[in-house]
Each structure stands twice: as C-alpha cells, then as structure tokens.
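First the structure, in the form of structure tokens, and then the observations on it.
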Amino acid sequence: MTASSSKNETARGLRGFSLFELLIVVVILGILATMTGPAMSRIVRHQRVNRAATIIASDLENAFAVAARQREPVRIQADASTSSYQFVDRKTGTVLRARTFYGDTSEYRLTSLVFSPATIDVFPNGVSSAADTIDLANGDYAKRITVSTAGFVRVK
C-alpha cells in the first residue's frame, strides 16, 4: 500500500497550474498594462522635455563662457524647422557646437523648439545683443527657457 500512495503524491505534486488559472493571471496582467501604459508614456515625454531643457540651458551658459574665454563674440543661431541650433564663432564662422533635437534619431524627440529671436550675439564682456526665449515641447508638455542680456538662464 505504501508504494501506491507515494505514486499518487508524486503525480499530485507535479500537476502545476490549470489553464484557467493561467488565463486569469494573463488577463490581470493585461488590465494592469492597459492602465499604466498612458501614464508611462506621459512620464517619458515629460522627462525628455526636462532633459532637453537642461541641456539647452547648459549650452547657453556655455556660449557666454566661451565668448568670455576666447575674447571673441559668439553667435547663437537657431533653426525652428529642424529643431536645432548652433554656436558659431562670429569672426571665423567656425561652428563651435551644433545640436539637433528633432526626429526619431534624437533621444529627446521634441515636437517644437523655437528660439525668439532666432539669432543673438554673445559678446566677450558677458552681454548678449538681445534677451532670448526658447520654447520647447513634446506633445502636450512644454517648457520655456529665458536668457537675459546679462547671461542669466532660467528654466520655467
């Protein structure tokens, strides 16, 4: 009798989950994924815009520092159609930095990047030709960066 009872216990222990139990787990996971998907997408869009704003603000501060360090004016030129900008040495025309935030090749995938005005000059004494406002967005989430003529950069 003991031999047959141990066979039953072994077969019962290896039985596993029924198809119905696995189906319930898959349905619950599907419902959770459906609920969290849009929230995760929104979080990713916000993070992309915030990182892009931080990089642009850092680049603008760097443009003022480069102009002072090289003792030569630096021109900041933006192109809204390609969501890009570049820093150019005004005297030689050499591109010091170029950055693009547009398209699937960019990790930021901004839908809009607008500099107003599109071109400003930064002089070695730390003053720019005009205050600048940069609006950037990804979908419904947007940030604004302001740059004073004295080089103070603020992300709003």
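The values are calculated or read from the model by the stated rules, or taken from the named source; none is laboratory data. If you're wondering where the values come from, they're calculated on a predicted model, not measured in any experiment. Reconstructed Cβ throughout: ideal geometry from the backbone, glycine too, with neighbour counts over all protein chains shown.
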Flag if Val27 is exposed (fewer than 15 other Cβ atoms within 10 Å of the Cβ), under 30 Å from Thr149 (Cβ atoms) and either β-branched (Val, Ile, Thr) or touching a residue at least 12 places away in the same chain (Cβ under 8 Å) (or both): no
Selection status of Thr149, in contact with a Ser or Thr (Cβ under 8 Å, 6 or more places away or on another chain), farther than 17 Å from Gln47 by Cα and part of a loop (DSSP other than H, G, I, E, B): yes
Residue selected from the range 51-88 under the condition of a type outside the set (A, V, I, L, M, F, W, C) and crowded, with 19+ Cβ neighbours inside 10 Å, by the criterion modelled with the lowest pLDDT: Ser83
Where Tyr108 falls short, out of the listed (1) in contact with a helix residue (DSSP H, G or I) (Cβ under 6 Å, 6 or more places away or on another chain); (2) free of Cβ contacts under 8 Å to residues at least 60 places away in the same chain: (2)
